[in-house]
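The block underneath contains the structure these notes are about, expressed in structure tokens.
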Amino acid sequence: MKTTNVEQWLKHGEHLPECLRDFHDQKGVFKAMHAIVREPVDPLFKRPTWVDGQVYVIDTFLHFMARRGYTLQRTRRKGDFRDLAADVRAVEEASTLQFAALLERRASGG
């Protein structure tokens, strides 16, 4: 069995799933998660921003776990799972439409 150079493996982001290896893709995933997951009803829970979540999960939690030999991976089980790419696209499209509407209101003096 091949031995992994852990430092290089971490540096190149190979411990992350393909969909999270690019910084801009990470942003899309975390923005989508933030938009889709509802606010908790517990008043004692302070929800992190999508930026705080991205930094903590990618740079802290997954890095910490990978250094110990654990990685996040897609399940091999069959199921009616949501499509991550479709969710990210839907949130990006909604955000683009909201921004366009804002610009239009500004341009029309509203």
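Every number here is computed from the coordinates shown, using simple stated rules; none is lab data. Just so we're clear, the structure is a prediction, and the values are computed from it rather than from any experiment. Cβ placement follows ideal geometry from the backbone for every residue including glycine, while neighbour counts extend to all protein chains displayed.
Helical content of the chain, expressed as a calculated mean residue ellipticity at 222 nm, amounts to -15000 deg cm²/dmol (DSSP H runs of 4 or more residues, -39,500 (n - 2.57) each, divided by residue number, nearest 500). Annotation: the residues I36, I58, sorted from fewest to most other C-beta atoms within 10 Å of their own C-beta, follow the order I36, I58.
Positive-end ranking of C19, P48, Y70 along the dipole of the chain, with charges on Cβ about the Cα centre, is headed by Y70. To the nearest ten degrees, helix 84-107 and the longest principal axis of the Cα atoms of the chain are 30 degrees apart.
Pairwise Cα distances in the chain exceed 24 Å in 43 percent of cases. About its Cα centre, the dipole of region 6-107 is roughly 240 debye, where the only charges are +1 on Lys and Arg Cβ and -1 on Asp and Glu Cβ.
Region 45-62 and region 1-19 have Cα centres lying 21 Å from one another. I need the shape label for region 59-110. Rule: rounded when a/c is under 1.5, else prolate if a/b > b/c, else oblate, with a, b, c from the alpha carbon gyration tensor. Verdict is oblate for region 59-110.
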